[in-house]
Structure formats: C-alpha cells, structure tokens
1. At 1.002 mPa s and 20 °C, plugging the Kirkwood radius over alpha-carbon pairs of the chain into Stokes-Einstein gives what diffusion coefficient in µm²/s?
2. Would you mind working out the magnitude of the charge dipole of segment 38-78 relative to its Cα centre, with +1 at each Lys and Arg C-beta and -1 at each Asp and Glu C-beta, to the nearest 20 Debye?
3. How far is helix 250-270 tilted, in degrees, relative to the longest principal axis of the Cα atoms in the chain, given as a value from 0 to 90 rounded to the nearest 10?
4. For the chain, modelled as a GNM with alpha-carbon contacts under 10 angstrom, which of Glu88, Glu158, Glu263 fluctuates the most?
5. Leaving out ligands, DNA and RNA, and with a 1.4 Å probe, what % of the accessible surface on segment 131-277 is carbon or sulfur?
6. What is the ratio of the Cα radius of gyration of segment 175-270 to 2.2 N^0.38 Å, where N is its residue count, to two decimals?
7. Positive end of the charge dipole of the chain (Lys, Arg +1 and Asp, Glu -1 on Cβ, about the Cα centre): tell me which of Thr66, Leu110, Pro35 has its Cα farthest that way.
Amino acid sequence: MDLNTVTDVRDARLREPWRPGDAWLGGGTYLFSEPQPHLRRLIDLSRTGWEPLTRHADGSLEIAATCTVARLSRYGRTLDAPAAPLFEQCCRAFLASFKIWNMATVGGNLCNGLPAGPLISLTAALDGTCLLRAQDGSSRRVRVVDFITGAGRKDLAEGELLRSVTLPGRALRCRTAFRQASLYGLGRSGALVVGTLDPLDGSLAVTISAATVRPFRFWFPLPPTREALRTAVVAAVRDEDWFDDIHGLPEWRRHMGLRLAEEVRRELIRTTGEDAR
Ligand SMILES: Cc1cc2nc3c(=O)[nH]c(=O)nc-3n(C[C@H](O)[C@H](O)[C@H](O)COP(=O)(O)OP(=O)(O)OC[C@H]3O[C@@H](n4cnc5c(N)ncnc54)[C@H](O)[C@@H]3O)c2cc1C
C-alpha cells in the first residue's frame, strides 16, 4: 500500500512534539494495509528497545506494546502457569499470514480495537490493565475491558501511547477454557469466548469478544448456574452490542456468544465437582 500522504517516518526515541497527522507505528500490518489519507508522519516504535515480556516479583506479566504476536506465542509455550495454553490459542485465533504473525504487535492489536482482535480477547480475559502515556509525560492505567469502547474505538487521546499491558499473577494461575467460532475454516473470529476459574477462591469469569463490538467480562464470586450466566449476558449486552459485519450477522453472533459462554462454564465447573445445571 502506498501511503502517499506520509512524508516522514520518525524514530519514537526522539520524543519530538506530536503534530496533527501523526500516528504511532507498531508493526504496520494495519497501517500499511489500507489508505490512510489523514496521516502525514509515522512515529516508529520498533527501535524503542522495550523488553517484550517482563515477569515481575509479584507474579504479574508485563507485555510491552511492541511485543509481536510471534514472540508472545513463543513465550506462551514456555510459560509455566495454568493459563499458558490461552496465549497460543488466542495468537492462533489471528487471521495472520507469516508477515503479520512476525510483525503485528500487541499494542497495535489493542489500539486497532477490532472486535476480532485476539490479543484484546487474551488480555481482557486475563484481567489485563493498560499503561498509557500522554504527550505531557503523565501516565494512567485503564483495564483492557474499559480501554476498548466499541468497534475500532478505544479510550486513547490524541498522541497518547499504549506502553504495555500487565496481566496479574493471579490471572495466570487460573484454569482457562477457550472457544472460537468463525463462518469459515481459518476465518476471522465471529465469536471468541474465554472462561477463567480462579483456584484460590473458586470465582469464575467469562469474557465474550469478537461476537460483540467490545469485550464483555462477567465475573462471578462462585460458578454461576446456566441461567445465571445467561441472564447476566442478556442483561449487559444490548442488541446493538452484537457486532454486525461480513464475518457474521448479529443474531448468529448472539447465539454463538451465549452458546460458547455456556460451554466454557461447563468445562470449567466439570472438574470442580459443581452442579452443572
Ligand atoms: C490480511 C489481514 C488480516 C488481519 N486479520 C486480523 C485479525 O484477525 N484480527 C485483528 O485484530 N486484526 C487483523 N488484522 C489487522 C492488523 O494486522 C492487526 O490488528 C495487528 O495486530 C495490528 O498490529 P500492528 O502492530 O501491525 O499495528 P499498526 O498497523 O502498526 O497500528 C495499528 C493502529 O494502532 C496504533 N498503534 C500502534 N501501536 C500503538 C501504541 N503502542 N500506542 C498507541 N497506538 C498504537 C497505530 O497508530 C494504528 O492506528 C489483519 C490485517 C490484515 C492485513
């Protein structure tokens, strides 16, 4: 794709003043895939040197915005934690060519804010928190489920940078269940649902994404019944929140969202000996 309105690519390390028409450049797999007539300069994050994955003393995992999907997938395969399989499952939910797999970044995936953003699904399900840096140097933190506010919409001010996403250590110790549905084999996700069961207190969370314009996370202090889960989803997700595009009608996405939510609930409570009603 020729970005013929872009006149310069600047190194983010220079910390130059932000101008109208600037955009952060992650892996470029979205930015270079379609016309961007509103852009004049790209601020390249690729040489920031940020450590892609940092395990902190409290057990939490900080994923730099510049961490690629390929790197995250490799890390997930070596991670010694019950939630580890979810990393690979979500990375593989990406409709990715070799080039995208190796170039696309976690930050770019979140900031693109597509309903089928698999790293949005992963980090929302594991209760991740975004670290955001404004142009004046101030920082703030916002949970991933609040950061994504709609299809392609996010809580990001002009020039604000997503620096990293942190997953709490406790979330990594959860057992997880994963379901994905697509209209075609290897197609873009039409519904992606993740369940997590916390072994410490028995709480259960179900996160619906891809079927909805933004991720919805439902947390229950104890595993809910089938009816309680369904009631919570139906009450929170309005008709217009079920996403509508070429990858699935809202009615189908609603059906799959509810069905897959029930499937992950059942899978997770089977091993706890809870009543499966
Ligand atoms: C064939 C094809 C298939 C695709 N399939 C999928 C798919 O299944 N699911 C999906 O979600 N996407 C898909 N995409 C879109 C895109 O590849 C992904 O969203 C990818 O994760 C974007 O990451 P990136 O690092 O390349 O982002 P970029 O293209 O570099 O940036 C994307 C957006 O995020 C902003 N941005 C990047 N990093 C930051 C940051 N740290 N802070 C603030 N803003 C930032 C950029 O300014 C830009 O607006 C697909 C694209 C193509 C071409």
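1. 111
2. 240
3. The two axes meet at around 60 degrees.
4. Glu158
5. Within segment 131-277, the accessible surface is 52 percent carbon and sulfur.
6. Compactness ratio reported: 1.03.
7. Most positive-ward Cα: Thr66.
The values are calculated or read from the model by the stated rules, or taken from the named source; none is laboratory data. None of these values were measured; they are calculated from a predicted model. Counting neighbours? That spans all protein chains shown, and the Cβs are built from the backbone with ideal geometry, glycine included. Quick note on the areas: whole protein, heavy atoms, side chains included, nothing else; ligands and nucleic acids left out. Shrake-Rupley method; radii C 1.70, N 1.55, O 1.52, S 1.80 Å.
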